[in-house]
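See below for the structure under consideration.
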Amino acid sequence: MFYQMPAEWEPHEATWLAWPHLKSHWPGKFEPIPYVYAEIIRALSGSEMVYLCVNDKKMEAEARAILKEKAVPTDHVKFFYIPTNASWSRDHGPIFVRNEKGKRIISDWDYNAWGGQWEYDLDDVVPQKIGKLLNIPVIQTHRVLEGGSIDVNGKGSLLTTTQCLLNKNRNPDANQQDIENFLKEFLGATNILWLKDGVAGDDTSGHIDDFARFVNETTVVCGLEKGKNDENYQALKNNFEALQTMKDQDGKELTVIAMPMPSPVVYENRRLPASYANFYISTKAVLVPTFRCPEDEKAFETLGPYFPDRKIIGVDCTDLVWGLGTIHCSTQQMPR
């Protein structure tokens, strides 16, 4: 059986989100978080449906109240009673692929909350519940993988990191060849591009979506730090240089574009994994995290030329990143 994961820029039916409720992910700073999600939903308005997981009717009412307070239209929002432990849909949500006939399939990867850092019993079964509700076939891989640990161009090339996928807190019985085999089997990855370490402050062991992303079939944007004394400087420089030596699935050299990194975001003496690479490509817009710093505008200027038919929309994620993730971490695309 052949499966292929579509690129994020291909047309969507909807974007999956899970309404935030786990206050311990934003200790002492949870109050603004639902309002950030409201802005994400606003930014998706006019682009595609939002399929929103809520734990129960009470949570739906709370979400509706905040959306109404912020004048966010809800005609494009559909609520699903699918309980979650947390709201990082990129990692626990379904990864959609297509079979050789073009039919949508949900690939259900085991989810262990980035190596058992949080409770995950509810999150781990989200893809199965979505498959049942929408009558979409589900294939179980019996391997641990999060959506934020990979990025694809829809043609066979897949970006990831050794720091994450070779980490023994995921698939301790698997070596690199084993992992490449299941990426090929379940995602159609014929050309796996291994980078090394991710950004400082990331609790996911180096998710790729915090620093390097495809923006088209042959172009990757990669975060670069300007200051040589910054703790991200060397790792990002190494990854940028490695990408310049890599090729796509057809043997063509990749175009590698430097993406600015925001000024360091620090809260309670902790460096947070703030990054513009955590953007999300919807059908008609690109949602870009912003951090109230001069580099915000430079990030828009970097991405804009690659998405001429999409609106670049900034969403203030200065508070959201205290949970160690932003827009891409919160979303999961469902292709048409």
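This table checks each residue for (1) touching a residue at least 24 places away in the same chain (Cβ under 8 Å); (2) touching a helix residue (DSSP H, G or I) at 6+ places or on another chain (Cβ under 6 Å).
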position: MET261; (1), (2): yes, no
position: VAL266; (1), (2): no, no
position: TYR276; (1), (2): yes, yes
position: ARG292; (1), (2): yes, no
position: GLY314; (1), (2): yes, no
position: LEU320; (1), (2): yes, yes
position: LEU324; (1), (2): yes, no
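Restricted to the range 144-182, and to residues there that are of a type in the set (D, E, K, R) and in contact with a strand residue (DSSP E or B) (Cβ under 6 Å, 6 or more places away or on another chain), the residue that is surrounded by the most Cβ atoms within 10 Å (Cβ to Cβ) is ASP151. Number of residues in the range 114-147 that are touching a Pro at 6+ places or on another chain (Cβ under 7 Å) and among the polar types (S, T, N, Q) equals 0.
Counting only helices (runs of 4 or more DSSP H) wholly contained in the range 47-163, the ones carrying 2 or more residues that are over 26 Å from GLU185 (Cβ atoms) and of a type outside the set (Asp, Glu) occupy 57-69. Residues in the range 101-157 that are more than 16 Å from THR84 (Cα to Cα) and of a type in the set (Val, Ile, Thr): ILE105, ILE106, ILE136, VAL138, ILE139, THR141, VAL144, ILE150, VAL152. Across the range 283-324, the number of residues qualifying as among the small types (Gly, Ala, Ser) and either in contact with a Cys (Cβ under 7 Å, 6 or more places away or on another chain) or outside any strand (DSSP E or B) (or both) comes to 3.
Write out, first by first residue and then by second, each pair whose Cβ atoms fall under 6 Å of each other, whose residues are 6+ apart or on separate chains, and whose first residue, in the range 144-167, is farther than 16 Å from LYS247 by Cα while the second is of a type in the set (D, E, K, R) and not in a helix (DSSP H, G or I). Partner pairs satisfying both residue conditions: VAL144/ASP110; VAL144/ARG170; THR162/LYS196; GLN163/ASP197.
Going by the conditions given, is PHE279 aromatic (Phe, Trp, Tyr) and more than 21 Å from LYS155 (Cα to Cα)? Criteria not met by PHE279.
Each residue in the range 258-274 was checked for being part of a strand (DSSP E or B) and over 29 Å from THR219 (Cβ atoms), and 3 of them qualify. Among the residues of the range 164-192, those identified as within 24 Å of ALA86 (Cβ to Cβ) and part of a helix (DSSP H, G or I) are CYS164, LEU165, PHE186, LEU187. Scanning the range 228-243 for residues that are in contact with an Asp or Glu (Cβ under 8 Å, 6 or more places away or on another chain) and either part of a loop (DSSP other than H, G, I, E, B) or not small (Gly, Ala, Ser) (or both) returns ASN232, TYR233, LEU236, LYS237, ASN238, ASN239.
Among the residues of the range 198-220, those that are within 23 Å of SER330 (Cβ to Cβ) and more than 15 Å from the chain's Cα centre (by Cα) comprise ALA200, GLY201, VAL220. The test for being surrounded by fewer than 19 Cβ atoms within 10 Å (Cβ to Cβ), touching a residue at least 12 places away in the same chain (Cβ under 8 Å) and over 28 Å from GLN4 (Cα atoms) holds for ASN238. Taking the listed residues THR290, THR218, the one that is buried (at least 16 other Cβ atoms within 10 Å of the Cβ), at pLDDT 95 or above and more than 30 Å from HIS76 (Cα to Cα) is THR218, with no other qualifying.
Restrict the check to the range 32-53 and report whether at least one residue is within 16 Å of the chain's Cα centre (by Cα), surrounded by 16 or more Cβ atoms within 10 Å (Cβ to Cβ) and of a type in the set (S, T, N, Q). Scanning the range 32-53 turns up no residue that is within 16 Å of the chain's Cα centre (by Cα), surrounded by 16 or more Cβ atoms within 10 Å (Cβ to Cβ) and of a type in the set (S, T, N, Q).
The values are calculated or read from the model by the stated rules, or taken from the named source; none is laboratory data. Keep in mind the model is a prediction, meaning the values are calculated, not measured. Reconstructed Cβ throughout: ideal geometry from the backbone, glycine too, with neighbour counts over all protein chains shown.
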